[in-house]
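To keep things clear, I will list the structure first and then write my remarks on it.
The values are calculated or read from the model by the stated rules, or taken from the named source; none is laboratory data. Quick caveat: nothing in here was measured; it's all calculated off a predicted structure. Here Cβ is always computed from backbone atoms with ideal geometry, including for glycine, and neighbour counts include all displayed protein chains. The protein model used for the area step is the full one, side chains on, heavy atoms only, and it has no ligands, DNA or RNA in it. Shrake-Rupley method; radii C 1.70, N 1.55, O 1.52, S 1.80 Å.
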Amino acid sequence: MPASLHSPHSYSSYAYLGPEGTFTEAALLQVPGAVSARREPAQSAVAALTMVRDGAVDAAMLPIENSVEGGVSATLDAIATGQQLRIVREVIVPVSFVLATAPGSAGALNQLARVGTHPHAWAQVRQWIQKNMPDAEYAPATSTAAAAHELLGEAPAFDAAISSRLIAETLGLEILAEGIEDTLGAVTRFILVARPGILPEVSGSDKTTISIPLPEDRPGALMEILDQFAARGVNLSRIESRPTGQFLGHYFFSVDAEGHIKEAMVADALRALHRISPQLRFLGSYPRAEAHSPRVPEHTTDAAFAAAGQWLEGILRPELDSPSTRKTMG
């Protein structure tokens with residue numbers, strides 16, 4: 001049986017947004033068995049998912065959402081296009097940053113002209129930078145760990161890096177300041193993505209992720225989509241619009257819904273959405289990282305859907321609702 005049909009516990013190889021020491025690798029190491037598995041760093045979300053699609057690895061770990069900055073557009077776009085993939089797990093990692101320089105080069109903060117880091121990290125420390133280093137110029141890096149590694153090169157593109165304490169200490173960098181994030185307690189959500197296979201079972205605390213292309217830009221188009229969830233008691237924990245890249249005004253919606261596709265209310269909502277947007281893409285149903293059981297209205301439980309189906313079947317096939325049939329079935 002292909003590895004993609006196994007549970008996440010049986011994967012033997014992974015890709016992650018590298019290089020070594022990123023928050024993404026920290027998220028991957030929370031997956032059972034990942035510590036002893038083969039782990040391959042990738043330079044981008046597209047590169048990591050290409051490794052999965054080509055069969056070079058079994059699964060890839062990528063950031064998808066930050067509690068401060070919101071959705072990670074590179075990941076959202078990469079999983080919404082190309083060969084179908086499935087999210088099988090999510091991991092939440094607390095995020096804290098340090099400002100570091102190469103060994104022996106530490107100086108006053110106001111002497112640092114350029115600071116390198118990942119765009120999402122920069123967005124989470126802007127206030128601290130403005131207060132302590134107002135003249136510093138931002139230099140983008142592919143990851144916080146890549147920025148830290150850059151400082152040890154022959155001709156680094158910047159004077160200091162914003163990274164995790166772990167990678168700064170691992171590389172022997174000098175830490176000038178720590179806890180520089182503007183919002184204490186910030187977290188990033190990561191997803192483990194694999195090729196389509198057996199769905200994770202219903203846990204009672206699940207999340208379903210889909211992308212919904214807007215078939216037509218007209219008044220009420222988004223409301224029509226949202227109504228399919230509301231009418232079935234499905235709560236949305238995230239909804240974001242992303243451009244398709246075709247032309248201005250052409251979008252798809254990336255959505256996280258509470259519940260599992262094997263639950264009647266979610267399945268019925270997706271069935272209705274497919275009629276509205278046939279290019280709808282199911283990206284996975286998987287256990288939530290935090291223990292949270294959604295409040296399901298009584299009329300949208302699986303039992304309510306089953307009862308309604310039996311009622312309708314009794315009208316369409318009255319022989320099934322006859323006294324003799326009920327006695328036999330009883």
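Before moving on, here are some points about what is shown:
- In segment 168-234, the inverse of the mean reciprocal separation of distinct Cα atoms equals 17.9 Å; this is its Kirkwood hydrodynamic radius.
- Relative intensity of segment 9-110 on a log10 scale, I(q)/I(0) at q = 0.16, 0.23, 0.24 Å⁻¹, equals -0.73, -1.28, -1.38, per a Debye sum over C-alpha point scatterers of equal strength in the absence of solvent.
- Against the chain, whose longest principal axis is taken from its Cα atoms, helix 221-230 shows a tilt of about 70°.
- Computed [θ] at 222 nm, deg cm²/dmol, the chain (DSSP H ≥ 4; -39,500 (n - 2.57); rounded to nearest 500): -7500 deg cm²/dmol
- With a simple spin-label model that places each label point 7 Å from the Cα along the Cα-to-Cβ direction, the separation between Asp135 and Thr81 comes to 4.2 nm.
- One decimal place: the segment Ser67-Arg275 gains 71.6 nm when fully extended, by the rule 0.36 nm per residue minus the C-alpha distance.
- Accessible area of segment 39-138 belonging to carbon and sulfur atoms, whole % at 1.4 Å probe: 48 percent
- Helix 264-276 axis, angle to the chain major axis (alpha carbon atoms, nearest 10°): 80 degrees
- For segment 67-88, the residues whose amide N sits under 13 Å from a probe point set 7 Å from the Cα of Gln127 along the beta carbon direction are 68-69.
- The value given for segment 117-219 is a Kirkwood hydrodynamic radius of 17.2 Å, derived from the mean inverse Cα-Cα separation.
- Between segment 90-144 and segment 9-70, the alpha-carbon center distance in angstrom: 24 Å
- Heavy-atom accessible area per residue - the chain, 1.4 Å, Å²: 49 Å²
- Take the Cβ atoms of Gln43 and Arg295, set R0 to 51 Å, and the FRET efficiency comes out at 0.75.
- Put the Cα centre of segment 237-285 next to the Cα centre of segment 161-197 and the gap is 30 Å.
- Residue separation of Lys262 and Arg114 scaled by 0.36 nm, minus their Cα-Cα distance, works out to 48.2 nm of gained length.
- Helix axis angle, 302-316 relative to the chain longest principal axis, alpha carbon, degrees: 30 degrees
- Debye equation applied to the C-alpha atoms of the chain, log10 I(q)/I(0) at 0.08, 0.10, 0.11 Å⁻¹: -0.46, -0.68, -0.79
- Placing R0 at 25 angstrom, the Cβ-Cβ distance between Ala177 and Ile92 gives a FRET efficiency of 0.50 after rounding to 0.05.
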